[in-house]
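> Below are the structure tokens for one structure; questions will follow.
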Amino acid sequence: MSDLASPTARTLQGPGERVLAGDIRALRRVRGLTLAEIALKLGRSVGWVSQVERGLSTPSLSDLRAFAELFGVPISLFFSHDVPVESERGVVVRAGKRRTLGTSESGLVEELLSPDLGGTFEMVRSVFAPGAELKNEARRPTEEAGYIASGQFDIEIAGVWHRLGEGDSFRFEGKPYRWRNPGSEPAVVIWVVSPPVY
């Protein structure tokens, strides 16, 4: 059976589904992958992947799981694309309509403040639970900045720890980092990453 004849394939119609198509395209591009590489990894045709990215086909739930695993993102990133006003699509994110990533069990819950994953940066509202920490160093080929909206937040950048409080901010590029919340209240950080990594 061809990809086009698959019962899970259908034509995209709503603005939220067009955002999904753009997000998949942005994730592929930021990871430097070609359509052929994605198709090979997913066991699909190049034409099908291209149709998904152009909003001509909607991937099934199992396809979305495969995309999430391939890109290393939570599957929740592909949901909650509700855009009630067409003129706001790609421009405005309403407080009650943010896409949530992570779980309270992980100690970090993030909300995507950017309207989609296109563009040259992403903005995320990160809520770090008391005692939560990133134990192992992370390093990304990105420029990152953050603003502490509330709580206490420790960040180690290139081996140096910095204790930050409400109103403080930071920036670094391509350096190893770790973080922790040393306080007894959640720490809320507005985090900007360029290029987008979700």
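> Just to check your reading of the model, which residue among PRO176, PRO141 is more than 19 Å from the chain's Cα centre (by Cα) and over 20 Å from ARG98 (Cβ atoms)? Spell out how you get there, then give the answer.
Numbers: PRO141 fails: more than 19 Å from the chain's Cα centre (by Cα).
It is PRO176.
> Output the residue which, of all residues in the range 46-97 that are among the polar types (S, T, N, Q) and touching a Lys or Arg at 6+ places or on another chain (Cβ under 6 Å), is nearest to VAL197 (Cα to Cα). Walk me through it before giving the result.
Of all residues in the range 46-97, those among the polar types (S, T, N, Q) come to 50-51, 57-58, 60, 62, 76, 80, 87.
Then drop every residue that is not touching a Lys or Arg at 6+ places or on another chain (Cβ under 6 Å), which leaves 58, 80.
Details: THR58: 22, SER80: 19 Å.
Here the answer is SER80.
> Filter the range 39-50 down to the residues that are crowded, with 17+ Cβ neighbours inside 10 Å and within 18 Å of LEU117 (Cα to Cα) and list them by number.
From the range 39-50, those crowded, with 17+ Cβ neighbours inside 10 Å are 39, 42, 44, 48-49; that's our starting set.
Answer for the range 39-50, where residues must be crowded, with 17+ Cβ neighbours inside 10 Å and within 18 Å of LEU117 (Cα to Cα): just VAL49.
> With the range 92-198 as the region, which strands (runs of 3 or more DSSP E) entirely inside it contain at least 3 residues that are in contact (Cβ under 8 Å) with a residue 60 or more places away in the chain and surrounded by 15 or more Cβ atoms within 10 Å (Cβ to Cβ)? So that I can check it myself, show each step before the final result.
Details: elements: 99-101, 108-112, 122-128, 143-150, 153-157, 160-164, 169-173, 177-180, 187-194.
By residue number, 122-128, 187-194.
> What residue, of GLY167, GLY159, GLY151, is closer than 21 Å to LEU112 by Cβ, over 22 Å from the mean Cα position of the chain (by Cα) and of a type outside the set (A, V, I, L, M)? Break it down stepwise before answering.
Values: GLY167 fails: closer than 21 Å to LEU112 by Cβ; GLY159 fails: closer than 21 Å to LEU112 by Cβ.
Answer to the check: GLY151.
> Same structure, new question: Need the failing condition index for GLY43 against (1) free of Cβ contacts under 8 Å to residues at least 12 places away in the same chain; (2) under 24 Å from VAL197 (Cβ atoms); (3) of a type outside the set (D, E, K, R), just the number.
(2)
> Only one of (1) surrounded by 18 or more Cβ atoms within 10 Å (Cβ to Cβ); (2) at pLDDT below 85 fails for PHE71. Which number is that?
Here PHE71 clears every test but (2).
The values are calculated or read from the model by the stated rules, or taken from the named source; none is laboratory data. Bear in mind that the values here come from a model prediction, so they are computed numbers and not experimental data. Note that we place each Cβ from the backbone using ideal geometry, even for glycine, and neighbour counts take in every protein chain shown.
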